[in-house]
Each structure stands twice: as C-alpha cells, then as structure tokens.
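The values are calculated or read from the model by the stated rules, or taken from the named source; none is laboratory data. What you see is a predicted model; the values in this text were computed from it and never measured. Positions of Cβ are generated from backbone atoms using ideal geometry, with glycine treated the same way; all protein chains shown enter the neighbour counts.
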Amino acid sequence: MPALLPPLIKLADYGNDWETYLEVLYRAYLDEVVNAGIVFRGLPLRVQFRPMTHGKGFGFWHLISEGNVEEDRTPDLRRCERIRWVA
C-alpha cells in the first residue's frame with residue numbers, strides 16, 4: 001500500500017501573508033528536511049546553509065524557488081506547498 005503524501009502548506013491558509021507563510025515553510029523545512037534524518041540510496045541527505053539569504057539557508061531558497069540564475073530565482077508556490085514532500 002503506497003504511503004500518503006503529507007498535506008500541502010498553502011499560502012491562502014495564512015491569509016496570503018507572505019512573511020508568515022515563509023516562516024511556516026522554513027520551520028517545516030528545518031523539521032522535515034534538515035533535521036529529519038532523511039536517507040536516500042543509503043546516504044544521508046545534507047543541505048547547504050551558506051550563503052545565508054534573508055536569514056535562511058541557501059538550500060531552503062533553492063528548494064522553494066525556480067530559475068537558472070541563482071540570484072534571480074523566484075518563489076514557486078507549487079514548490080512551496082510541497083515542501084513536506086521531500087522526505
């Protein structure tokens with residue numbers, strides 16, 4: 001029986017307040033990605049924190065945004081909503 005995916009984290013659930021939503025996403029990222037002990041193909045998942053951007057780690061910004069040039073990436077709400085799905 002396949003595992004169910006965790007629920008989406010939707011911006012609308014936080015009154016479309018981007019700053020609050022960003023904090024919720026970052027907490028989920030820390031809890032469910034960084035500190036979760038995820039192992040893929042026998043190797044532990046490691047994330048990159050530097051360079052820090054707006055007080056949050058590099059890996060977080062890369063995970064929730066899209067674009068070819070790192071400095072010009074833009075948030076992608078579909079990625080944001082699914083941040084719990086990494087594991």
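Could you list, in sequence order, the residues of region 28-47 that are surrounded by 11 or more Cβ atoms within 10 Å (Cβ to Cβ), more than 16 Å from P75 (Cβ to Cβ) and not small (G, A, S)?
L30, D31, E32, V33, V34, I38, L45, V47
Can you confirm whether E32 is acidic (D, E), modelled with pLDDT under 95 and within 14 Å of the chain's Cα centre (by Cα)?
Considered against the rule, which asks whether it is acidic (D, E), modelled with pLDDT under 95 and within 14 Å of the chain's Cα centre (by Cα), E32 comes out as yes.
Mind checking which residues of region 49-87 are more than 17 Å from E23 (Cβ to Cβ) and either in contact with a Ser or Thr (Cβ under 7 Å, 6 or more places away or on another chain) or surrounded by fewer than 11 Cβ atoms within 10 Å (Cβ to Cβ) (or both)?
R50, P51, E66, G67, N68, V69, E71, D72, R73, T74, D76, R78
Provide a single number: the residues in region 47-72 that are at pLDDT below 90, of a type in the set (D, E, K, R) and outside any helix (DSSP H, G or I).
Of the residues in region 47-72, 1 are at pLDDT below 90, of a type in the set (D, E, K, R) and outside any helix (DSSP H, G or I).
Would you mind finding the one in P51, P6 that is closer than 20 Å to R84 by Cβ and in contact with a helix residue (DSSP H, G or I) (Cβ under 7 Å, 6 or more places away or on another chain)?
So the residue among P51, P6 that is closer than 20 Å to R84 by Cβ and in contact with a helix residue (DSSP H, G or I) (Cβ under 7 Å, 6 or more places away or on another chain) is P6.
Looking only at region 19-27, decide whether some residue is closer than 17 Å to R84 by Cβ, in a helix (DSSP H, G or I) and touching a strand residue (DSSP E or B) at 6+ places or on another chain (Cβ under 7 Å).
yes
Scan region 26-37 and give yes if some residue there is touching a Pro at 6+ places or on another chain (Cβ under 9 Å) and of a type in the set (D, E, K, R), otherwise no.
For region 26-37, residues touching a Pro at 6+ places or on another chain (Cβ under 9 Å) and of a type in the set (D, E, K, R): present.
May I ask you to list pairs of residues, at least six apart or on different chains, whose Cβ atoms are under 6 Å apart, with the first in region 66-83 being in contact (Cβ under 8 Å) with a residue 40 or more places away in the chain and the second being surrounded by 14 or more Cβ atoms within 10 Å (Cβ to Cβ) and part of a helix (DSSP H, G or I)?
Here the result reads C80/L25; C80/I64; I83/L25; I83/A28; I83/Y29, each pair linking region 66-83 to a residue that is surrounded by 14 or more Cβ atoms within 10 Å (Cβ to Cβ) and part of a helix (DSSP H, G or I).
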